[in-house]
Amino acid sequence: MAEQKVCAILVVQEHLIIGELETRGLRLLDVLLDPMADWLQVFGAHVVHRAAKARAVASAAEVLVRKSDLQLALLGAGKHESPERRRFAYVDKQQFSALAIVGGYEVQGRLHLQVKRESIRLLAELGSFIPLTEATVSYAAPREDKLDAEVAILNKTAVSALSVGEPVARPLSAGAAPISVGNRE
């Protein structure tokens, strides 16, 4: 059975909320896209001000976060959130470099698309939450630490700017041999 909770960092306005989110065995992206729920449940939550990440403003057993106020959700668990779903719902996609400005944060990562389209049309076709993999997130203020996330999920309504670049080569999976063409002597 899939994990029922996933560890994440949620960015809302000037605060970060760090804890475990209830997912009912779904990927966090699917939970965010679910039109039947307006709130996220975060367990074991620590609320920190983005300017003072080392000091918690508050801790609580449970915090509810309105999905519409969420700017970013950052995941870095090191494993796929819902491996059963991944096995049966895999769709081959190209990876494109991407840069987004979201609530004072610069998010660089990879956007996975079946086909790259004209930017305006692409933005209209993307869901209300946009996942970027292999993401690096930095605050626009000088000397801020960068956060690396396996996946950064952006609330499309919070995105101020988005740039989709060129295709990015996929890394070889562990243990895979490179593909070569022709004889090399």
Spacing of the two label points (7 Å from each Cα toward its C-beta) at residue 114 and residue 62, in nm: 3.9
Sorted peptide list for 100-111, 23-34, 55-66, 38-49, criterion being average Cβ within 10 angstrom, highest first: 100-111, 23-34, 38-49, 55-66
Difference of contour (0.36 nm per residue) and Cα-Cα distance, residue 24 to residue 128: 35.4 nm
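Throughout, read-outs are computed from the coordinates displayed, never taken from laboratory work. Worth saying up front: this structure is predicted, and the values here are computed from it rather than measured. Here Cβ is always computed from backbone atoms with ideal geometry, including for glycine, and neighbour counts include all displayed protein chains.
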